[in-house]
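Beneath this line is the structure, given in structure tokens, with notes to follow.
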Amino acid sequence: GDSSVASQAEEEIIEMKDVFSVKLKRRRFAGQKKGGTLLGITIFKCLNKEENKLTDCAVHLNNLSEDHCQSWFRHLKEILNGFQNRPKSLKVFVNPSSHKREATHIYYEKVAPLFKLADIKTDVTVTEYEGHALSVLKECELQTFDGVVCVGGDGSVSEVAHGLLLRAQIDAGKDTDYVSKPVRAPIPLGVIPAGTTNILAHTLYGIKHAVTATLHIVMGHIQAVDVCTFSTPSKLLRFGFSAMFGFGARTLALAEKHRWMPSSQRKDFAFIKTLADLKPEECELSFLPLQILQEDCHEKDSKDQWQKIQGHFLNVSIMAIPCLCSMAPRGLAPNTRLNNGSMALIVVQNTSRTEFIKHLKRYTSAENQFNFPFVETYTVQEVKVQPRLKSGPDAKENMCLNAASAEGNYPWNIDGDLMKEASEVHVRVHPQLIDLYGMNTDDLESSQAACSCI
């Protein structure tokens, strides 16, 4: 072009690792879908913004030569096709009931256009009932996809992750009733946040932002993540990332009974009501601390390493990931990481309502939420939780207060999903069992804290 114009242009360097699409640029008349006057090529790249946010940006290169443009287009496409982790075909699950029923809008308005721009083929299932994604994953031809994507809240993501890992066991010919050494998920899972708390998305991306999540998938950013198995002595309950027993589970159970309320009102009501009726759970906790390697690189014999505590607990949290969310910016379990092969066991013993509220408030601040005499934290590999039914003078009162406990079924909050179980629950962590699209957002300080804790 004109040299005077060229001299005024700012030089910009584009690294191909930041580029996710290249298109021929043409001028077309209204209604014209093919052909048109060639103007050049457009390169689409991923930009890092503040607060972990990603966005897309277009760079236009003008050239009227068909040969030059086709040559550039062909060569750039070859480079993009060389990035092995980038998906070309995705199985997508959209939960239309998540949060404010906005998942469908989020997918078709924000996610699908970026997938199309990146030439990613998609097979979309809009789920119609709880367990729909699980049933589809058991039957579909997973080998035809490079990854699975879930658009929804924590419960939806947990169901898809469980289904993906369950399918891996089935394909490997493993027993799915009792899983001691599970098989790794064959393809990665992408998480598009469209729920209320979006713990897994916050932990992966550091932010609730659909475009950021989509671009991590498009760019093929892979993060290996630890997964837990939750089992009774006789069967596998599910795969998951975190669980709460006690206050966190009873709050969810009460919220589920009031599904007719709007989401935010339902959760606020359940939180306040459960806090007003605050009661401890009597149970026995057995746990295997994380085994430290000896100097000769052999692990300690774990037979006699199990520890046991029993008593009345207001809440028990078992978490293999930090569990970040807007209400807990440091995480519900800040001393663990996504892939360090351990779980955080956080035990809140019986205390006054006032002191318990102080503990809960600490999650929203930078202060240490565990710096209370009634809170104990452990870094563990396995946990067994055995509830104890109340007996004696308090038994009748207990039956009136909680029908679930009277029946012997205790609520569990597993990744935002409600489960009720009567018997002992055994939780094991399995290192890096699944790949998720995303980046490890642990900062240096939290990493050092995790190492010092271990």
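The values are calculated or read from the model by the stated rules, or taken from the named source; none is laboratory data. A quick note: this is a predicted structure, and the numbers were derived from the prediction, not measured. Cβ coordinates were reconstructed from backbone atoms using ideal geometry, including for glycine residues, and neighbour counts include every protein chain displayed. Ligands, DNA and RNA are excluded from the accessible area calculation, which covers all protein heavy atoms including side chains. Shrake-Rupley method; radii C 1.70, N 1.55, O 1.52, S 1.80 Å.
Dividing the mean sequence gap of close Cα pairs (under 8 Å, 6+ apart) by how many residues region 1-136 holds gives a relative contact order of 18 percent.
Roughly how big is the chain's charge dipole about its Cα centre, with Cβ charges of +1 (Lys, Arg) and -1 (Asp, Glu), in debye to the nearest 20?
Values: 51 positive and 53 negative charges, 267 e Å.
The calculated dipole for the chain is roughly 1280 debye.
Within the chain, which whole H helices from DSSP have a Cα span along their axis of at least 24 Å and a mean Kyte-Doolittle hydropathy of -0.5 or more, if any? Both cut-offs are met by 154-171. Residues in region 366-374 carry Karplus couplings, in order, of 8, 6, 6, 6, 9, 7, 9, x, 9 Hz; the curve used is 6.51 cos²θ - 1.76 cosθ + 1.60 with θ = phi - 60°, and Gly or Pro positions show x. Size of region 146-247 from its Cα atoms: along the principal axes, largest to smallest, the extents are 42, 38, 18 Å.
What is the ratio of the Cα radius of gyration of the chain to 2.2 N^0.38 Å, where N is its residue count, to two decimals? Mind showing how you got there, number by number?
Values: Rg = 25.1 Å, N = 454, 2.2 N^0.38 = 22.5 Å.
Working it through for the chain, the quotient is 1.12.
Scanning residues 5 or more positions from Phe93 or on other chains, those with amide H under 5 Å from its amide H are Thr125, Val149, Cys150, Val151, with H placed 1.01 Å from N in the peptide plane.
Which of the listed residues, Val59, Gly246, Gln305, is farthest toward the dipole's positive end in the chain, when Lys, Arg count +1 and Asp, Glu count -1 at the beta-carbon? Checking the options against the dipole of the chain, the answer is Val59. Between the C-alpha center of region 316-351 and that of region 67-105 there is a gap of 33 Å. A dipole drawn for the chain from +1 and -1 charges on Cβ atoms has a positive end, and of Ala328, Val225, Leu38 the residue lying farthest that way is Leu38. Computed over the Cα atoms of region 178-315, pair by distinct pair, the Kirkwood hydrodynamic radius stands at 19.0 angstrom.
Of the residues Ser98, Ser326, Ser180, ranked by 1.4 Å probe accessible area with the largest first, the sequence reads Ser326, Ser180, Ser98. Quarter the surface of the alpha carbon convex hull of region 84-204 and you get the mean projected area, 7.9 square nanometres. When Rg and the Kirkwood Rh are both derived from Cα coordinates, the Rg/Rh ratio for region 16-82 amounts to 1.05.
Find the relative contact order for region 16-82 and round it to a whole percent, using C-alpha pairs within less than 8 Å whose residues are 6+ positions apart. Worked out over region 16-82, it gives 32 percent.
Exposed loop sites here are chymotrypsin sites (Phe, Trp or Tyr not before Pro) in DSSP loop states with at most 13 other C-beta atoms within 10 Å. What is the longest stretch of the chain lacking them? If you can, show how the numbers build up before the last one.
On the way: sites that count: Phe29, Phe83, Tyr129, Tyr178, Trp260, Trp306.
So the longest stretch without any such site is 307-454.
Of all the C-alpha pairs in region 82-139, what % are more than 18 Å from each other? Please list the in-between numbers first.
Values: 688 of 1653 pairs.
Beyond 18 Å sits 42 percent of the P(r) for region 82-139.
When the solvent-accessible area of region 16-82 is split by element, carbon and sulfur atoms take up 52 percent of it, the probe being 1.4 Å. Shown in residue order for region 413-427 are the 3J(HN,Hα) couplings computed by the Karplus curve 6.51 cos²θ - 1.76 cosθ + 1.60 at θ = phi - 60°: 9, 10, 6, x, 9, 8, 10, 10, 9, 8, 9, 4, 10, 10, 10 Hz (x for Gly and Pro). Amide H contacts for Tyr410 (H built 1.01 Å from N in the peptide plane; partners 5 or more residues away or on another chain; cut-off under 5 Å): Glu421, Ala422.
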